[in-house]
1. Filter region 10-30 down to residues that are of a type outside the set (S, T, Y) and at pLDDT below 95 and give me whichever is least open to solvent (accessible area, probe 1.4 Å).
2. Looking at region 48-62, can you tell me whether even one residue there is in contact with an Asp or Glu (Cβ under 8 Å, 6 or more places away or on another chain) and in a strand (DSSP E or B)?
3. Quick one: which of P14, P41 is assigned to a loop (DSSP other than H, G, I, E, B), in contact with a helix residue (DSSP H, G or I) (Cβ under 7 Å, 6 or more places away or on another chain) and of a type outside the set (V, I, T)?
4. Going through region 36-84 one residue at a time, which ones are open to solvent by 60 Å² or more (accessible area, probe 1.4 Å) and either in contact with a His (Cβ under 7 Å, 6 or more places away or on another chain) or at positive phi (or both)?
5. Would you check if A33 is over 15 Å from G110 (Cβ atoms) and either touching a residue at least 12 places away in the same chain (Cβ under 8 Å) or in contact with a strand residue (DSSP E or B) (Cβ under 7 Å, 6 or more places away or on another chain) (or both)?
Amino acid sequence: QVQLVESGGGLVQPGGSLRLSCAASGSIFSIDAMAWYRRAPGKQRELVAKISSGGSAVYADSAKGRFTISRDNAKNTVALQMNSLKPEDTAVYYCYIVLGATGLDFWGQGTQVTVSS
């Protein structure tokens, strides 16, 4: 089994920064894609950013220029640095991984990010 543990969410003022982290553990040989999704109140879950095993990153338009996704393959971790946060970034953020060997995917439990003055 695979477990994902997220951390770093919280309350921040508009214009502030937060760094989300996600650590994967368990029966992992390799991880293919790693990503962050979010679900805002009343909306569907959406992709924020994803990163391949080789480090290539893709961002949602709303995240470009403000968010940076990174990963540490040795530690099976993925992080999301979020700068210049806006109230519309308020959401529950979920870590997501796809295992390289099996293609199985796993979700974290979610961490709340609230941007408000």
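1. By that ranking, first place goes to I28.
2. no
3. Among P14, P41, only P14 is assigned to a loop (DSSP other than H, G, I, E, B), in contact with a helix residue (DSSP H, G or I) (Cβ under 7 Å, 6 or more places away or on another chain) and of a type outside the set (V, I, T).
4. Passing the criteria: G42, G65, S84.
5. Answer is yes for this residue.
The values are calculated or read from the model by the stated rules, or taken from the named source; none is laboratory data. Everything numeric here is computed off the predicted structure, so don't read it as measured data. Please note: Cβ atoms are built from the backbone with ideal geometry, for glycine as well, and neighbour counts cover all protein chains shown. Surface accessibility is based on the protein's heavy atoms, side chains included, excluding ligands, DNA and RNA. Shrake-Rupley method; radii C 1.70, N 1.55, O 1.52, S 1.80 Å.
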